[in-house]
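Some notes on the structure that comes next.
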Amino acid sequence: MQYKDSIRDLNGTISSNDNWKGISVEAAARMRLQNRFRTGLDIARYTAAIMRRDMAAYDADPSQYTQSLGCWHGFIGQQKMVAIKKHFGTTERRYLYLSGWMVAALRSEFGPLPDQSMHEKTSVPALIQELYTFLRQADARELGMLFRDIDAARAAGDRIREEQLVQAVDNYQTHVVPIIADIDAGFGNAEATYLLAKKMIEAGACALQIENQVSDEKQCGHQDGKVTVPHEEFVAKIRALRYAFLELGIDDGIIVARTDSLGAGLTKQIAFSSEPGDIGDLYNSFLDCEEVADTSRLNGDVVISRDGRLVRPKRLPSNLFQFRPGTGADRCVLDCVNALQNGADLLWIETEKPHIEQIASMVDRIRDVVPNAKLVYNNSPSFNWTLNFRQQVFDVWQQQGKDVSSYDRAKLMGAAYDGTELGIEADERIRTFQRDAAARAGIFHHLITLPTYHTAALSTDNLAREYFGEQGMLGYVANVQRQEIRQGIACVKHQNMAGSDLGDDHKEYFAGEAALKASGEHNTMNQFAA
């Protein structure tokens, strides 16, 4: 609703109540505009529409890919969107990612945990709610500053400036953006997945990412020991997510189906198959088996029929069955096609390195069946990007017959290579990776799962070295506060960012001239006014 329309809308309600003395129509209208989203479902509905529009735009033009960064705290998510609006003027095609890894490592009551679905499942919807609380507060803060400017222009009699500011309010772009939220492997069976999905959607999530690992054997996608489930079990959880979206009225909610098959060589069970060539039979066809020559020597073994022969799937002491080596890519393609044909909207293929042609080789095959297949891709800090891309350049140059004798492929991480032709070429490929992969490999959304985990560690290490060392207080002032001031970082006025000025506005609404406000002349935040 527009600023003046909101005032008119509330005027009738407030003026008709004679005992509502002291209630300002304009103040109430401002508070309403500062709280555009009443519930998490309002947010999920709004952001799902954004994602759907962005997906259609990408289908028409692959240069219109989207991006996000992982979050583990509401403040981190808020500051990302504040920074994006500051630097780019718009939040378009920029989302947030809620990483299960970071929830496990940073938000569990058990303390730091590995990415194995051991953290409390309730911590995931709680973080979604927290992220949106901080994003909505960022809206309220910025709009509150515009309202103060309107009052100042009005007091100065500057009608043109006042109208410009009213238009700025009417055209205001919210910090609230889509969150792609990690539901791991569903934290249990399909019913458990459905119940948790509802909590996540009610908190505001419009997009849920679920993986095809066994829930109670779940591993980080970039570690060993991953165990996948047969397709029908995974499809049941995809359906559970869709039912949760539909039940809550988010008819265009987005499901991201992730396959870990490229690096997962194990399965916990043999798939049910009712006829040759069905999805269960295809899943079982990848099992590593040996022919049974003598059935009398079987000892509690599982055997299946393959091409008229009895074969025994190789079973480990862990009671897990293993797939044939080298079948990961084929299994990924089958996983993705089946997921898209059974309700998923986007795909996620977890890889061991950021290699465009490796990803594209699978996406090409998927698109032969589902032409508009699109990926969410993890630009993971688990990859050594520098080493990977330098080795890719090295290999290409070697294949082209270029002299690479001055480079040691095994030691390309070394700083000595930073300014070399190879190092520069590798950095350029890293710089354009997202653009190039969006065009070539069908990647609609690029995310980094754990960026703020690493940036927090790096900045804290640097601050500790300086502050507790010879630099003392200068270690903070020169490297933090002075940079905040010079770069225009809003958080240098930390009282304002935490809501102090918003609280002052409300005090004035509630108590009028009797309000005891914090933003008087003795507030040290005034030192940053310049």
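All of the numbers you see were taken from the coordinates with simple rules; none came from a lab. Note that the coordinates shown come from a computational prediction; the quantities given were computed from them, not determined experimentally. Every residue, glycine among them, receives a Cβ derived from its backbone with ideal geometry; neighbour counts consider all protein chains shown.
Things to note:
- Segment 469-512 - convex hull of alpha carbons, volume per residue in Å³: 78
- In plain terms, the chain from Leu463 to Ala515 could stretch by 14.8 nm, reckoned as 0.36 nm per residue minus the Cα-Cα distance.
- Here the chain is treated with +1 on each Lys and Arg Cβ and -1 on each Asp and Glu Cβ, and its dipole about the Cα centre works out to around 560 debye.
- Each peptide in 32-44, 255-267 receives the mean, over its residues, of other Cβ atoms within 10 Å, and ordering these scores from highest gives 255-267, 32-44.
- Stretchable slack from Trp20 to Ser361, in nm (0.36 nm times residue separation minus alpha-carbon distance): 116.0 nm
- Between Thr90 and Asp403, residue separation times 0.36 nm minus the direct Cα-Cα distance comes to 108.1 nm.
- Per-residue [θ]222 nm for the chain (sum of -39500 (n - 2.57) over DSSP H runs n ≥ 4, rounded to 500): -15000 deg cm²/dmol
- Charge tally for Ala293 (other residues, Cβ to Cβ under 12 Å; Lys, Arg +1; Asp, Glu -1): 0.
- Look at Arg53, Arg45 and count the other Cβ atoms within 10 Å of each Cβ; fewest to most, that gives Arg53, Arg45.
- If both residues of a DSSP beta bridge must be in the chain, then about 25% of such bridges are antiparallel.
- Neighbourhood charge, 15 Å Cβ-Cβ cut-off, centred on Arg159 and excluding it, Lys, Arg +1 and Asp, Glu -1: -2
- Sorted ascending by nearby beta carbons within 10 Å, beginning with the fewest, Phe234, Phe110, Phe272, Phe321 become Phe110, Phe272, Phe321, Phe234.
- Relative exposure of Met473, Met362, judged by other C-beta atoms within 10 Å (fewest first): Met473, Met362
- Checking the cross-link pairs Lys21/Lys493; Lys199/Lys237; Lys353/Lys374; Lys198/Lys314 against a 27 Å limit on the alpha carbon distance flags Lys21/Lys493; Lys198/Lys314 as lying beyond it.
- Once the C-beta distance of Ala478 and Thr133 is scaled by a Förster radius of 35 Å, the resulting FRET efficiency is 0.55 to the nearest 0.05.
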